[in-house]
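Heads up, the thing below is written out as C-alpha cells.
The values are calculated or read from the model by the stated rules, or taken from the named source; none is laboratory data. Predicted model only: the values in this text are computed from it and were never measured. Note that each Cβ is placed from the backbone with ideal geometry, even for glycine, and that neighbours are counted across all protein chains shown.
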Amino acid sequence: MPRYRKTVLDNGIRIVSEEIDHVRSVSIGIWVQCGSRHEDRETNGMAHFIEHMLFKGTRSRSAFDIAAAIDSVGGVMNAFTGKELTSFYIKIPDYHLDMAIDLLADIFRNSVFDPDEISKEKSVVLQEIHMLDDSPDDYIHDFFEEKFWKDHPLGYHVLGTRERVEQFDRNAILSFLNARYRGQNLVLTAAGRLKHEHLVERVSRSLGSVPKEAVRNGLSSPSASGGITVLDKDLEQVHIVLGCPAPSSLSPRRYASFVMNAVLGGSMSSRLFQEIRERRGLAYAVHSYLTPYTDVGMLGIYAGTSEANVREVVGVILDELMRLTRDPLSDRELQSAQELIKGNFLLSMESTDNRMTRLAKNEIIFSKDIPAEEVMAGIDGVSAEEIRALAGEIFNPSVIGLAAIGRISEQELALSVLNG
C-alpha cells in the first residue's frame, strides 16, 4: 500500500514521497516554481535556458559524466520547463537512489555555467526554436496563447525569442537563477521503493544549505482576448486552434471541465473526432485539450485541415460548442466520459514517474495530497446539468479566440465564424 509522507526542511524545501514497496524503481525530481510566467520581456526564455545549462557540467562532473552516470545504471534523466514550473527528474533502480540524489543536487547546486558552454547552448536553443517554427502543428499552440493572453507573461513562449536568447549573458543568467532557485520555491518529490526518513536525510545533507528566501513575482491574472489571428505561411494544411477561458487548477469546477473536454474532443469516440474525422473526413488530427494554470485556464481545440475545408471545420466546432450549451449530455455519454477519465487516471498511477509528478503538482497547487479516491469521487460527482452550465458560461463568443497558420486570410476565417 503506497504511503504518503511530507517533510519541510529549515530552508523551506518541501520533500514529499510515496513509498511503494512492490516496485523496484524510484522516480525523483526537483520542481522549481519558476517558468516563463515568472519572466519579463527581457528575461523571456531564461528559465528554459537554465534548464539546458544545468546539464552542461558542474565543478566535479562534465556534461559527459552527467549523462554517463545515468546511462551506466540503466536510468533515465530529463527535464522540462513550462509556464509555471521547471522540473529536473531521474528514474532509476531503487538501489541507486543515493546516486540519483547526489547527481540532482550536484547539477542544481554546482553547475558552473561555463561561458563556452553558454555560447554553444545558445546555438542549441536557437535550433530548438527553429524546429518549433518548422512544426506548425506544434507552433500553432504557442501562437494561439500569445494572442489569447496578449501582453501577459502567460502568452510568452517558453523557449523565448531568437533576439532574447542571443543576448543572454552569464551574469544575467546567474542573477535570475540565484534569485529564484531557492528553498521557498523548491519541492522535491519521490515515488517508488524508498524510505522517507532516508530520503530526507540524504536530501537535507545535499540541499540543506540552499538559501531560503526566493523572489516570488507578484503574478497578475490575465484577461482572455477573443478575435481572429492568422499567420500566413505556405503550407499544405491550415492549422487552427480555437480556444476560450476554462476553470483553473484550483477551481471546484475543474472536474466538470475534465468531463466536458472528454466529451468534446478528448478521445477517439469524442464528438469532434467522430464528426470531423470519421463522419465527414475533413481532418486527420482533431482534438480538444485543457491547459489549467493556478488562477486561470484555457480550453483549446486543434485541427489540421485543407484550405478548402477550414470553414466547414470551424463551423462544426462552433456547432458542437453551442450544442453543449443547449442540450444536457445523455446518461450514457456522461458515464462513458467519466469512465474514460477514471480509467486513464488509474492506469497512469501504475508508473512511479507519474506518481512522482502527481505528488509535485498536488503539493504546489493544493499544498497537500489529493487521494485517488477523492479524484474518482470528483469525476463521478459531475452532472450533465453542471457541464451544460459550464459550457454556457465559457463558450462566450466575445472571448472565443481563433488562430490559424497556413494559406488563409482573416476574412475567410471570419466568414467561417459567421456561418458557424
Matching option when the condition is over 20 Å from the mean Cα position of the chain (by Cα), under 16 Å from R109 (Cα atoms), buried (at least 22 other Cβ atoms within 10 Å of the Cβ) and at pLDDT 95 or above, among I50, I13 | I13
Kindly indicate whether any position in region 227-244 is out of contact with any Phe, Trp or Tyr (no Cβ under 8 Å at 6 or more places or on another chain) and either hydroxyl-bearing (S, T, Y) or closer than 30 Å to R3 by Cα (or both).
-> no
Could you tell me whether any residue of region 94-113 is more than 21 Å from S62 (Cβ to Cβ) and touching a strand residue (DSSP E or B) at 6+ places or on another chain (Cβ under 8 Å)?
-> yes
Name every residue in region 383-417 that is hydrophobic (A, V, I, L, M, F, W, C), more than 30 Å from D234 (Cα to Cα) and either part of a loop (DSSP other than H, G, I, E, B) or out of contact with any Ser or Thr (no Cβ under 7 Å at 6 or more places or on another chain) (or both), in order of residue number.
-> A384, I387, A389, I394, F395
When you scan region 354-382, how many residues do you find that are touching a helix residue (DSSP H, G or I) at 6+ places or on another chain (Cβ under 9 Å) and assigned to a loop (DSSP other than H, G, I, E, B)?
-> 5
Just one of (1) surrounded by fewer than 22 Cβ atoms within 10 Å (Cβ to Cβ); (2) over 20 Å from the mean Cα position of the chain (by Cα) trips up I101, so point out which.
-> (1)
Selection from region 1-56 of residues of a type outside the set (A, V, I, L, M), outside any strand (DSSP E or B) and under 18 Å from D94 (Cβ atoms) yields P2, D21, H22, R24
Expected single match for in contact with a Lys or Arg (Cβ under 9 Å, 6 or more places away or on another chain), at pLDDT 95 or above and assigned to a helix (DSSP H, G or I) among L199, L188 is L199
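For every residue, the table says whether it meets (1) within 21 Å of I276 (Cβ to Cβ); (2) under 24 Å from the mean Cα position of the chain (by Cα); (3) in contact (Cβ under 8 Å) with a residue 24 or more places away in the chain.
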| site | (1), (2), (3) |
| --- | --- |
| M322 | yes, no, yes |
| P328 | no, no, yes |
| R355 | no, yes, yes |
| A360 | no, yes, yes |
| S367 | no, yes, no |
| L390 | no, yes, yes |
| I405 | yes, yes, yes |
| I408 | yes, no, yes |
| E412 | yes, no, yes |
Tell me, which residue of region 203-229 that is touching an Asp or Glu at 6+ places or on another chain (Cβ under 8 Å) and surrounded by fewer than 16 Cβ atoms within 10 Å (Cβ to Cβ) is modelled with the lowest pLDDT?
-> L219
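Listed here are the residues, each with its yes/no results for (1) surrounded by fewer than 19 Cβ atoms within 10 Å (Cβ to Cβ); (2) farther than 23 Å from L235 by Cα; (3) modelled with pLDDT under 95.
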site	(1), (2), (3)
I118	yes, yes, no
L126	yes, no, no
D151	yes, yes, yes
G155	no, yes, no
R164	no, yes, no
For region 300-316, the count of residues that are surrounded by 18 or more Cβ atoms within 10 Å (Cβ to Cβ), assigned to a helix (DSSP H, G or I) and out of contact with any Ser or Thr (no Cβ under 9 Å at 6 or more places or on another chain) equals 2
Does at least one position in region 133-156 carry a residue that is within 23 Å of N362 (Cα to Cα) and aliphatic (A, V, I, L, M)?
-> yes
Y139: on the phi < 0 side of the Ramachandran plot, surrounded by 20 or more Cβ atoms within 10 Å (Cβ to Cβ) and in contact with a helix residue (DSSP H, G or I) (Cβ under 9 Å, 6 or more places away or on another chain), yes or no?
-> no
